[in-house]
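Some notes on the structure that comes next.
FYI, it's all coordinate maths here, none of it is from the lab. Keep in mind it's a predicted model, so treat the numbers as computed, not measured. Because the Cβ atoms are built from the backbone with ideal geometry, glycine has one as well, and the counts that use them run over all protein chains shown.
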Amino acid sequence: MDEVFRALADPTRRALLDRLRDEPGATLGELCEPLEQTRQAVSKHLGVLEQAGLVACRWIGREKHHYLNPVPLVEIHDRWISKFAARNARRLLELRRALEEKEEER
Amino acid sequence: MSLPALVFEIEIKSTPERIWEAITSPDLTRRYFHDTAIRSDWRNGSKVVWENPDGTSASEGEVIECEPPCRLVTSWSSLWAPELASETPSRVTWEIEERASSCLLRLIHDKLEGARKTHDVVKNGWPGIIEGLRACVEAAA
């Protein structure tokens with residue numbers, strides 16, 4: 001679990017997870033495009049995410065495809081948030097979103 | 001554009017044989033797979049059913065590859081809701097990789113091009129199922 005939190009502590013790695021959520025199966029080359037970082041740096045970040053179990057990989061031919069693996073996050077969620085608390089927390093988030101949207105409309 | 005695969009991985013402190021048993025034995029699937037009992041004779045081309053307690057099928061498929069205790073590939077049709085049941089079958093692959101003192105279970109759900117609604121539902125369902133499988137196997141150790 002330490003590895004998961006360490007991996008999540010870096011904004012570039014969180015951005016990579018966001019990318020993989022929206023584009024499952026992206027290759028290293030594809031992931032490098034919008035990030036202003038070298039291929040080596042992105043590859044290193046992916047390694048940390050893989051080590052933490054947050055990224056699953058699959059080789060198809062010569063290409064390595066990357067997927068967001070949500071299982072460690074589900075483990076963290078289940079450990080600290082009961083089903084009842086999850087419902088209430090979600091309602092509060094929805095309330096905030098609704099209020100903030102109203103605020104923007106003004 | 002075709003829908004990409006869903007890939008889930010979980011580390012389980014157990015042996016490939018025990019994990020295989022958890023995937024293929026009805027008594028064990030009932031504990032973590034939405035109360036369903038898995039049924040098949042595991043021959044290539046044979047039917048696989050995840051059976052509800054009332055005897056109806058929650059999901060069905062066909063055995064595509066069965067290599068105990070490392071690899072199981074089946075087709076997959078979600079039958080628990082009419083809007084999912086009308087979609088075309090997808091494919092589910094279970095891979096068990098032995099590590100130093102544990103195993104990595106990798107679940108790949110792909111060929112989802114004709115099963116968009118299934119994709120959206122199982123995306124959120126599989127993590128809880130394989131987490132339950134892990135708990136079930138590790139508790140038995």
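Okay, here's what the table says:
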item	result
Any chance B:Asp35 is within 15 Å of the chain's Cα centre (by Cα) and over 22 Å from B:Lys111 (Cα atoms)	yes
Scope the stretch B:73-118; condition more than 20 Å from A:Cys57 (Cβ to Cβ) and aliphatic (A, V, I, L, M); matching residues	B:Leu79, B:Ala81, B:Leu84, B:Ala85, B:Ala115
Enumeration of residues in the stretch A:80-106 that are more than 23 Å from A:Asp18 (Cα to Cα) and within 13 Å of chain B (Cβ to nearest Cβ)	A:Lys83
Residues satisfying the stated conditions in the stretch A:20-60, i.e. without any contact (Cβ under 8 Å) to a residue 24 or more places away in the chain and either within 14 Å of another protein chain (Cβ to nearest Cβ) or buried (at least 19 other Cβ atoms within 10 Å of the Cβ) (or both)	A:Asp22, A:Glu23, A:Glu30, A:Glu50, A:Ala56, A:Cys57, A:Trp59, A:Ile60
Filter result for A:Arg6 (touching a residue at least 12 places away in the same chain (Cβ under 8 Å), surrounded by 11 or more Cβ atoms within 10 Å (Cβ to Cβ), away from every other protein chain (no Cβ under 14 Å) and among the basic types (Lys, Arg))	yes
Verdict on B:Phe8 being under 21 Å from B:Asn124 (Cα atoms), within 13 Å of the chain's Cα centre (by Cα), within 14 Å of chain A (Cβ to nearest Cβ) and crowded, with 16+ Cβ neighbours inside 10 Å	yes
Residue, surrounded by the most Cβ atoms within 10 Å (Cβ to Cβ), within the stretch B:128-141, restricted to residues that are in contact with a strand residue (DSSP E or B) (Cβ under 6 Å, 6 or more places away or on another chain) and within 13 Å of chain A (Cβ to nearest Cβ)	B:Ile130
Subset tally (residues that are without any contact (Cβ under 8 Å) to a residue 40 or more places away in the chain and surrounded by 15 or more Cβ atoms within 10 Å (Cβ to Cβ)) for the stretch B:93-110	2
Out of B:Lys117, B:Lys123, B:Lys111, sole residue that is at positive phi and either in contact with a Leu (Cβ under 8 Å, 6 or more places away or on another chain) or within 14 Å of another protein chain (Cβ to nearest Cβ) (or both)	B:Lys111
Listing of strands (runs of 3 or more DSSP E) fully contained in the stretch B:1-113 that carry 3 or more residues being over 30 Å from A:Val55 (Cβ atoms)	B:47-51, B:57-67
Filter result for B:Gly55 (in contact with a Ser or Thr (Cβ under 8 Å, 6 or more places away or on another chain) and small (Gly, Ala, Ser))	no
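Condition check ((1) over 28 Å from A:Met1 (Cα atoms); (2) of a type outside the set (S, T, N, Q); (3) within 19 Å of the chain's Cα centre (by Cα)) across all residues:
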{"site": "A:Gly47", "(1), (2), (3)": "no, yes, yes"}
{"site": "A:Tyr67", "(1), (2), (3)": "no, yes, yes"}
{"site": "A:Leu92", "(1), (2), (3)": "no, yes, no"}
{"site": "A:Arg97", "(1), (2), (3)": "yes, yes, no"}
